[in-house]
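The values are calculated or read from the model by the stated rules, or taken from the named source; none is laboratory data. A quick note: this is a predicted structure, and the numbers were derived from the prediction, not measured. Counting neighbours? That spans all protein chains shown, and the Cβs are built from the backbone with ideal geometry, glycine included.
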Amino acid sequence: MWFEGIEKKLEIVLQSSHRALRQNKTCWQDVVRACGAKIIGYTTTKEMDAYLLSESSLFVWDDRILMITCGKTRLIDSVFSVLKYVPSQKILQLFYERKNLMFPKEQCSDFEADVAKLSEVFPGKSFRFGAANAEHIHVFVYGEPIKNSAQDSTLQILMSNVGNRATVAFSKNTKSTEASISWRQELFKPFFEMIKEEFYFSPQGYSCNFVQKDQYMTMHVSPQSESSYTSFEMNLVHTTKKNIIKTVLQSFEPQNVFMAVTTTLDSISMIAHEQICVPQGYKIVGRGMYEFENGYMLTYINLIQL
């Protein structure tokens, strides 16, 4: 049994606050339906809404949208669903990301085809970070630099061939054992103050959203032995969870890791690039940094297990 756990990612920054759009539940049902997913959970704070999906997650702030989908979903179609509710002129910045896949022939489109569609509306640029014959991500970026003093930082840890303890902890027949419960408690300890929404899929698979004020952590686990994969992502990485990279990698014990830190260029957010650590047991096989024209910096690191 296999499943494409590797995800596509969309982030849209609006020119101004659109509180009414955030409250329009019909909009988000349409956006999720457009890519072939369903909403299976919902959590909210004063600052944001978090939707748990049948294939990953959607987060909506007053001025920002973040959507992550896996499997055979058509995230590119959700972009144009958003445009039914938000004119392209109201979009300040757009990021569209796809990682190299395990089963690319099973997808309905590739990154180049998606970029061709996006470029009809958004005159952006596309990039690849990482070697073509190793772990890498493709990113399409559109927009001008943010003119205010907004601070933004995101950490992604994308892991394939995860260890057996993680596989067991999220499998239907073994997730309720004492060892699996203890393992998950240790992993989630740094986030105990946040509101949690989670879902266990049958027979295997797991998704969760953790939220607090405008902060989020989201994790998606595909534990199938033929295609084990886990994605972990959170914002505000430099102010909240300094040792989270070590915690995540020691928990999942992946053989291959692609990490990316993306921030605005303000001095506070840029600290996140300095706090990227490589835990014992891993070797760097690729690393790079790039400053986008829209006022963001990305640092990526490829790791393999020793």
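Just a few scattered comments:
- Boolean, I157 is among the β-branched types (V, I, T) and crowded, with 20+ Cβ neighbours inside 10 Å: yes
- A count restricted to segment 94-106 and to residues that are of a type outside the set (K, R) and modelled with pLDDT under 95 stands at 6.
- Matching option when the condition is over 18 Å from G205 (Cβ atoms), surrounded by 20 or more Cβ atoms within 10 Å (Cβ to Cβ) and within 17 Å of the chain's Cα centre (by Cα), among I12, I6: I12
- Segment 36-53 residues that are over 20 Å from S17 (Cα atoms) and modelled with pLDDT under 95, paired with ones that are of a type in the set (D, E) and assigned to a strand (DSSP E or B) (beta carbon under 9 Å, 6 or more apart): none
- Every residue from segment 281-306 that is over 16 Å from P254 (Cα atoms), free of Cβ contacts under 8 Å to residues at least 24 places away in the same chain and either surrounded by 14 or more Cβ atoms within 10 Å (Cβ to Cβ) or among the basic types (K, R) (or both): R287
- Single condition I6 does not satisfy, out of (1) over 23 Å from Y296 (Cα atoms); (2) out of contact with any helix residue (DSSP H, G or I) (no Cβ under 8 Å at 6 or more places or on another chain); (3) modelled with pLDDT of 95 or more: (3)
- In the set (1) in contact with a helix residue (DSSP H, G or I) (Cβ under 7 Å, 6 or more places away or on another chain); (2) of a type in the set (V, I, T); (3) surrounded by fewer than 17 Cβ atoms within 10 Å (Cβ to Cβ), the condition left unmet by I40 is number (1).
- Where helices (runs of 4 or more DSSP H) fall wholly inside segment 94-206, no range has 3 or more residues that are acidic (D, E).
- Yes/no for N235 being among the polar types (S, T, N, Q), at pLDDT 95 or above and surrounded by 14 or more Cβ atoms within 10 Å (Cβ to Cβ): no
- Checked against the criterion of being within 23 Å of M102 (Cβ to Cβ), crowded, with 17+ Cβ neighbours inside 10 Å and not hydrophobic (A, V, I, L, M, F, W, C), segment 258-280 has no qualifying residue.
- Residues satisfying the stated conditions in segment 188-216, i.e. touching a Cys at 6+ places or on another chain (Cβ under 8 Å) and under 19 Å from T154 (Cβ atoms): none
- Taking the conditions (1) charged (D, E, K, R); (2) assigned to a helix (DSSP H, G or I); (3) modelled with pLDDT of 95 or more in turn, K283 satisfies each one other than (2).
- Verdict on K84 being basic (K, R) and exposed (fewer than 14 other Cβ atoms within 10 Å of the Cβ): yes
- Complete set of residues in segment 78-93 that are in a helix (DSSP H, G or I) and over 17 Å from L58 (Cα atoms): S88, Q89, K90
- In segment 247-274, the qualifying residues are those that are in contact with a helix residue (DSSP H, G or I) (Cβ under 6 Å, 6 or more places away or on another chain) and not hydrophobic (A, V, I, L, M, F, W, C), and the one that is nearest to I157 (Cα to Cα) is S251.
- Among the residues of segment 103-120, the ones that are closer than 24 Å to L298 by Cα, out of contact with any Lys or Arg (no Cβ under 7 Å at 6 or more places or on another chain) and among the hydrophobic types (A, V, I, L, M, F, W, C) come to 4 in all.
- Scanning segment 168-195 for residues that are without any contact (Cβ under 8 Å) to a residue 60 or more places away in the chain, surrounded by fewer than 16 Cβ atoms within 10 Å (Cβ to Cβ) and more than 24 Å from S227 (Cα to Cα) turns up E178, S182, Q185, K189, F192, E193.
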